[in-house]
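Bear in mind that the values in this text are calculations on the coordinates, not laboratory data. Everything numeric in this text was worked out from a predicted model, so none of it was measured. Cβ placement follows ideal geometry from the backbone for every residue including glycine, while neighbour counts extend to all protein chains displayed.
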Amino acid sequence: MPDVLFHTPAETLALSPLVGAGTSLRRAALLVRFVFRGDAAAAAKVGAAFGVALPQSPLASERTGERAALWQGPDEWLLLARPAMDGPQAVDALARSLAGEIAAALGETPHSLVDVSERHVALLLEGPGAADLLNAHVFLDLDPAAFPVGMVTRTLFTKAEIVLWRTSEQNFAIECWSSFAPYVEGHLAEA
Amino acid sequence: MLLIHCPCCGVERPEIEFRYGGEAHIARPMQPADLDDHQWAEFLYMRTNPKGVMAERWRHVHGCGRFFNALRDTVSDRFIAVYKTGEPRPDSATASGEGAR
Ligand SMILES: [Zn+2]
């Protein structure tokens with residue numbers, strides 16, 4: 001099933017033939033991203049405005065089709081939203097309108113909301129070899145029993161910090177800083 | 001690689017996701033200006049440095065980002081307990097093995 005959040009991936013990237021034909025790496029198209037920090041009461045208001053509840057349990061994610069809220073820490077979430085159209089202008093427009101709606105919902109509630117849309121890129125690693133390929137560089141147990149579908153966490157990919165999100169049994173989204181993307185892609189291509 | 005239990009994430013994670021934060025439960029003086037140089041040096045530099053169980057601050061820097069406290073045996077490098085910032089130091093005799101691997 002094509003993932004409606006990450007939609008038309010812009011670019012397919014090379015992997016070693018040893019990985020097998022069923023596994024692919026793609027760089028997703030542009031997304032709106034916010035880092036939100038605040039207490040549970042503020043998070044509930046943001047969830048109502050954003051249309052996706054902000055999960056309170058550690059390492060959890062919530063999503064509707066085109067939006068997602070990813071737990072990052074006890075008072076910190078990464079919010080993802082797909083604009084209706086491709087391109088930086090659509091991202092910018094959606095980021096502005098969402099920031100306005102969230103700020104209006106919060107009013108005087110103390111919080112921090114930072115637009116990091118262009119700080120990250122999403123890499124989509126999908127297929128039967130995805131978990132094994134990741135485990136060449138990520139030191140977590142990626143067995144579905146230990147890292148179930150929907151789990152999301154910051155961790156290290158060799159030396160680069162990433163956000164690793166299991167979107168389905170064989171599919172992973174890797175959110176990494178744009179400047180680290182060639183490093184992560186290169187290591188995945190060589191693994 | 002050492003596995004460390006993060007009390008905020010509720011899971012064990014590899015050591016490289018963490019940073020050491022020095023000895024725990026050292027309160028900054030409320031009025032530093034009232035201290036003489038000797039007292040200030042005691043606060044800044046003097047640590048218990050025990051051979052055995054020590055309460056330490058750790059930060060899950062490449063995870064949830066939070067500081068927490070841990071009891072670690074400096075001889076065996078074994079984590080005896082982990083607990084959140086603000087919680088009292090657990091009794092090391094009764095907390096054996098919790099959060100440790
Ligand atoms: Zn943690």
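So the values come out like this:
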item: Those residues of segment A:160-178 which are among the charged types (D, E, K, R) and out of contact with any helix residue (DSSP H, G or I) (no Cβ under 8 Å at 6 or more places or on another chain), in sequence order; result: A:Arg166, A:Glu169, A:Glu175
item: Answer residue from segment B:1-60, given it is charged (D, E, K, R) and within 16 Å of the ligand (Cβ to nearest atom) and is farthest from the other protein chains (Cβ to nearest Cβ) among those; result: B:Glu56
item: Given (1) away from chain B (no Cβ under 14 Å); (2) in a loop (DSSP other than H, G, I, E, B); (3) surrounded by fewer than 14 Cβ atoms within 10 Å (Cβ to Cβ), number of the condition A:Pro148 does not satisfy; result: (1)
item: Matching entry among B:Phe43, B:Phe79 (being out of contact with any Cys (no Cβ under 8 Å at 6 or more places or on another chain) and surrounded by fewer than 18 Cβ atoms within 10 Å (Cβ to Cβ)); result: B:Phe43
item: Those strands (runs of 3 or more DSSP E) lying entirely in segment A:21-76 with at least 2 residues within 16 Å of the ligand (Cβ to nearest atom) and among the hydrophobic types (A, V, I, L, M, F, W, C); result: A:67-73
item: Total residues in segment A:98-145, condition surrounded by fewer than 18 Cβ atoms within 10 Å (Cβ to Cβ), away from chain B (no Cβ under 14 Å) and among the acidic types (Asp, Glu); result: 5
item: Hits in segment B:62-80 - residues which are more than 9 Å from the ligand (Cβ to nearest atom) and hydrophobic (A, V, I, L, M, F, W, C); result: B:Phe67, B:Ala70, B:Leu71, B:Val75, B:Phe79, B:Ile80
